[in-house]
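Peer 1: I have a structure I would like to understand better, so I am pasting it below and will then ask my questions one at a time.
Only the coordinates and a few stated rules stand behind these numbers; no lab work does. Quick caveat, the model's predicted, so the values are computed rather than measured. For neighbour counting, all protein chains shown are included, and Cβ atoms are generated from backbone atoms with ideal geometry for every residue, glycine included.
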Amino acid sequence: MPAYSYLALDKKGKKKKGVIESDTPRLARQQLRNQSLTPLEVTAIKVQAKKTKSSLFSPKLSASELSLLTRQLATLVRAALPLEESLQAVAEQSESQKIKLVLIAVRSDVLTGKPLATSMQAFPRIFPKDFIATVSAGEESGDLAMVLERLADHVERSQQLRQKILGAMLYPIILSIVAVLVVVGLLTFVVPQIIHVFDSMDQELPPLTQNLIFVSNLLQNQGHLITIGLAIIFFACYSLLQKPSIKRNWHLFLLKLPLISPLIRTLNSAKLCRTLSTLLISGVPMLTALNIAAKVITNIPMHNTIEQAIQEIREGSSLSHALKRGIGFPPLTIHLIASGESSGQLDAMLEKAAETQERELEGWISSFLTILEPLLLLSMGGIVLTIVLAIMMPIFNLNDLAG
């Protein structure tokens, strides 16, 4: 039965939004009137999905919302509840209007005989390609509940990894922003008031003080131009990095940096192994799984390595040999994959490789922050000390300057 989102007025004149199922828009309006509601708008949810399919403003769920939705659906399906009833129950359980809209629209397609995976394709910003492919494999294998549970675990682990990285980097980012604001504030507002006393002195100021005055005057008089210039440089660099050749060379350069390279290699390897493992365990064929998993790789040379590996596997090569000839993937990951291929347990070894890479990533981030945070504090302290010395040096020599 088609579903419609509505906007209506209740008896008190207050606006009310919701979702209603009916055969036609006319019957939907009649149902609303039977509920003592005055319909203002009644729109087919499937039409909404088509209009917003490629829009930046189309519905999008967070990883936690998608994980919860998937786990609830898996629980109901495992309890032998029909799929359409499971979708209806999860929609009613959710307090999020966007989840209700999406699930009712998916349920409407399922009721017409479409597979669940096909019905989800109308919402690409909510259900990623690897998610849909895994659901499709679960439907074909006949064990959709197990596949949905694995999907929920996969989404949760990906979200946890993302949160660990963001959480670890939050303090250094805030510290850096505060340090820059403090220094700019000192040079723009505090330093001019203090060094104003030196203007009437006829003696030459120390070079450090002269440089400080120059920077302070520059920020006061040309601060807006400097900000505009930095913004232009930022957007110019961003635009250049959108060009495929420049972006690839930049990503290749990042893979050669001593401190940045381990983070990029480990993070992308972990994402590949985790996604590929989930897909293979769920019954997705190797080449299809690799094509989907390649999309989670953000580094272009490493992504190209996967694309080349797909071609070599079609020609009879193994995944480990193909990755070994490529760029970026750590030797440990390749050895684990080779071990999985030789033992016939590639999916299990990929999961183990993902866990190993994630632990290594956490250790690397912890070590990096252990070094970075003191360096940031020392740098900020050094800049402030330089400003203080530039102000105090003329005061220490005040008698000489006055004489």
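Peer 1: In percent, what relative contact order does the stretch 227-356 have, based on Cα pairs under 8 Å that are 6 or more apart in sequence?
Peer 2: 25 percent
Peer 1: Right, another one. Angle, helix 244-254 long axis vs. longest principal axis of the chain, Cα atoms, 0 to 90°, nearest 10?
Peer 2: 70 degrees
Peer 1: Over 29 Å between Cα atoms, which of 11/114; 164/256; 16/164; 324/352; 15/129 qualify?
Peer 2: As for pairs spanning more than 29 Å Cα to Cα, those are 11/114; 16/164; 15/129.
Peer 1: Taking the chain as the reference, fit the longest principal axis to its C-alpha atoms, fit the long axis of helix 97-111 to the helix C-alpha atoms, and give the angle between the two in degrees, 0 to 90, nearest 10.
Peer 2: Approximately 30 degrees, to the nearest ten.
Peer 1: Hey, rough spin-label estimate for residue 40 and residue 242, points 7 angstrom out along Cα→Cβ, what's it come to in nanometres?
Peer 2: 3.7 nm
Peer 1: May I pose another question? Rounded to whole Hz and in sequence order, give me ³J(HN,Hα) for the stretch 130-146 from the Karplus expression 6.51 cos²θ - 1.76 cosθ + 1.60, θ = phi - 60°, writing x for Gly and Pro.
Peer 2: Going residue by residue, I get 5, 5, 5, 5, 5, 4, 4, 5, x, 5, 5, 7, x, 10, 5, 4, 4 Hz, with x marking Gly and Pro.
Peer 1: Moving to a separate point now. Leaving out same-chain residues fewer than 8 places away, which aspartates and glutamates sit with a Cα under 18 Å from that of residue 17?
Peer 2: Those aspartates and glutamates meeting the cut-off are 41, 92, 95.
Peer 1: Take the Cα of residue 389, step 7 Å along the line toward its Cβ, and report every residue of the stretch 206-241 whose backbone nitrogen sits under 13 Å from that point.
Peer 2: So the set is 207-209, 212.
Peer 1: Is there a quick way to get the dipole size of the chain? I mean about its Cα centre, with the Cβ of Lys and Arg at +1 and of Asp and Glu at -1; what is the value in debye to the nearest 20?
Peer 2: It works out to roughly 1660 debye.
Peer 1: Lys and Arg at +1, Asp and Glu at -1: add these up for the other residues within a Cβ distance under 13 Å of residue 170 and post the number.
Peer 2: +1
Peer 1: How large is the helix-only mean residue ellipticity at 222 nm for the chain, computed as the sum of -39500 (n - 2.57) over DSSP H runs with n ≥ 4, divided by its residue count, in deg cm²/dmol to the nearest 500?
Peer 2: -24000 deg cm²/dmol
Peer 1: Can I ask one more? Residue 352 versus residue 24, label points 7 Å from Cα toward the beta carbon: distance in nm?
Peer 2: Each label point lies 7 Å from its Cα, and together they span 6.3 nm.
Peer 1: Another question about this same structure. To the nearest 20 Debye, how big is the dipole of the stretch 63-157 about its Cα centre, given +1 on the beta carbon of each Lys and Arg and -1 on that of each Asp and Glu?
Peer 2: Roughly 240 debye for the stretch 63-157.
Peer 1: I need to check one value: relative contact order of the chain, counting alpha carbon pairs closer than 8 Å and at least 6 residues apart, in percent.
Peer 2: 14 percent
Peer 1: Students often get this wrong, so try it: which of (1) 4, 19, 25, 26, 19, 7, 0; (2) 4, 16, 20, 18, 16, 12, 8, 4, 2, 0; (3) 5, 23, 32, 25, 13, 3, 0 is P(r) over Cα pairs in 10 Å bins from 0, in percent as calculated from the structure shown?
Peer 2: For P(r) over Cα pairs in 10 Å bins from 0, in percent, the calculated option is (2).
Peer 1: Taking residue 271 as the anchor, which aspartates and glutamates have their alpha carbon closer than 15 Å to its alpha carbon, excluding any fewer than eight residues away along the same chain?
Peer 2: Those aspartates and glutamates meeting the cut-off are 130, 153, 156, 347, 351, 355, 358, 360, 362.
Peer 1: If packing is taken as the average number of other Cβ atoms within 10 Å across a peptide's residues, how do 74-84, 376-386, 261-271, 284-294 rank, most packed first?
Peer 2: Result, highest mean Cβ count within 10 Å first: 261-271, 284-294, 74-84, 376-386.
Peer 1: Would you mind checking the tilt of helix 25-34 against the longest principal axis of the Cα atoms of the chain, expressed as 0 to 90 degrees and rounded to 10?
Peer 2: Orientation of helix 25-34: about 90 degrees from the principal axis.
Peer 1: R0 = 25 Å: FRET efficiency of residue 371 with residue 286, Cβ-based, nearest 0.05?
Peer 2: Calculated value: 0.05.
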